[in-house]
Amino acid sequence: MILELDIGNSKIKWRRMPGKHNKFPIRGINDGVGDFLREQANYGKPSLIRMSNVSHRSIARSIAEWTHVNWNIKPVEAAVMRRCGRVEVQYSDISRLGVDRWLAMLAAFDKSNGPCLIVDCGTAFTLDILSEEGMHLGGFILPGLRLMADILVSETGIRLDGKGVEPTLGLGNSTHEAVVNGAVASLVALVEKNMGELAKNSPDPKVYITGGDAALLAALMNCAQLNIEEDLVLDGLAVACAAKPDTD
């Protein structure tokens, strides 16, 4: 049984991959490290722990200390490498690339074996593009849907009524609708524009979308080769943690 962790900005997402006596993964999401550790105490010792962390270093340290004391295991933590799993990063300083974005790219290219666009719709919205050869062509980082609305409320005189609004690409007929639909429309347009640009020079590009708002955005996108991948960051851990660090 392998335990995999995606420590994000607001949640800890995890799964236990099947062993000899388990056919399906066990998944969970916890609000904090305390909740996560209390839940893990209900399970048996894993054979390996793979971990991604974009939150504070203290969280990773707390988990590593707990696993050492209780299971005598040290987690293997993913770190961005310039070349890994046929993906090559062009950042001049690879330490500035978020490990979650990088892991999602590794997993997406492993699945597509060709050009692809990777979208993560969480607290932040990220979009990254990989060429047919696995070269990271670059990406975008924007506030996620909820953060867009929060910024408008905190920085302007806009006030939302708190009522649930079903997001569409249509014009809003209330302030709340205008804010929600504007946020959705901007992100969908960005994905579709870049998908069109990628398709001009690359055969059969695919879109992989993950994160809490993945299903919402995917339903509004006009992309034939679109795949919702719940565990894209976790999938990338197997590729990253099996590789040796390069020396660049």
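Scan region 42-59 for residues that are small (G, A, S) and modelled with pLDDT of 95 or more and jot them down.
If the condition is that a residue be small (G, A, S) and modelled with pLDDT of 95 or more, then S52 is the only one that fits.
Among the listed residues R27, R50, identify the single one that is touching a Phe, Trp or Tyr at 6+ places or on another chain (Cβ under 9 Å), at negative phi and in contact (Cβ under 8 Å) with a residue 12 or more places away in the chain.
Within the list R27, R50, the selection yields R27.
Scan region 60-67 and tell me whether some residue there is part of a helix (DSSP H, G or I), surrounded by 13 or more Cβ atoms within 10 Å (Cβ to Cβ), under 19 Å from the mean Cα position of the chain (by Cα) and assigned by TED's automatic domain parsing to the domain that holds F125.
no
Is it the case that region 133-142 has a residue that's among the aromatic types (F, W, Y), surrounded by fewer than 16 Cβ atoms within 10 Å (Cβ to Cβ) and under 17 Å from D213 (Cβ atoms)?
yes
This table checks each residue for (1) outside the structural domain of G8 (by TED's automatic domain parsing); (2) out of contact with any Leu (no Cβ under 6 Å at 6 or more places or on another chain); (3) in contact (Cβ under 8 Å) with a residue 24 or more places away in the chain; (4) assigned to a strand (DSSP E or B).
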position	(1), (2), (3), (4)
F109	yes, no, yes, no
G114	yes, yes, yes, no
I118	yes, yes, yes, yes
I129	yes, no, yes, yes
G139	yes, no, yes, yes
M148	yes, yes, yes, no
I151	yes, yes, no, no
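Considering only residues that are in a helix (DSSP H, G or I) and on the phi > 0 side of the Ramachandran plot, which ones fall in region 183-223?
Those that are in a helix (DSSP H, G or I) and on the phi > 0 side of the Ramachandran plot: none in region 183-223.
For the structure I just gave you, tell me whether L187 is touching a helix residue (DSSP H, G or I) at 6+ places or on another chain (Cβ under 7 Å), modelled with pLDDT under 95, of a type outside the set (S, T, N, Q) and surrounded by 13 or more Cβ atoms within 10 Å (Cβ to Cβ).
Considered against the rule, which asks whether it is touching a helix residue (DSSP H, G or I) at 6+ places or on another chain (Cβ under 7 Å), modelled with pLDDT under 95, of a type outside the set (S, T, N, Q) and surrounded by 13 or more Cβ atoms within 10 Å (Cβ to Cβ), L187 comes out as no.
Filtering region 70-90 down to residues that are assigned to a strand (DSSP E or B) and among the aliphatic types (A, V, I, L, M), which residue is surrounded by the most Cβ atoms within 10 Å (Cβ to Cβ)?
Going through the qualifying residues, I end up with V87.
The values are calculated or read from the model by the stated rules, or taken from the named source; none is laboratory data. Here the structure is a predicted model, which is why all the values come from computation and not from measurement. Counting neighbours? That spans all protein chains shown, and the Cβs are built from the backbone with ideal geometry, glycine included.
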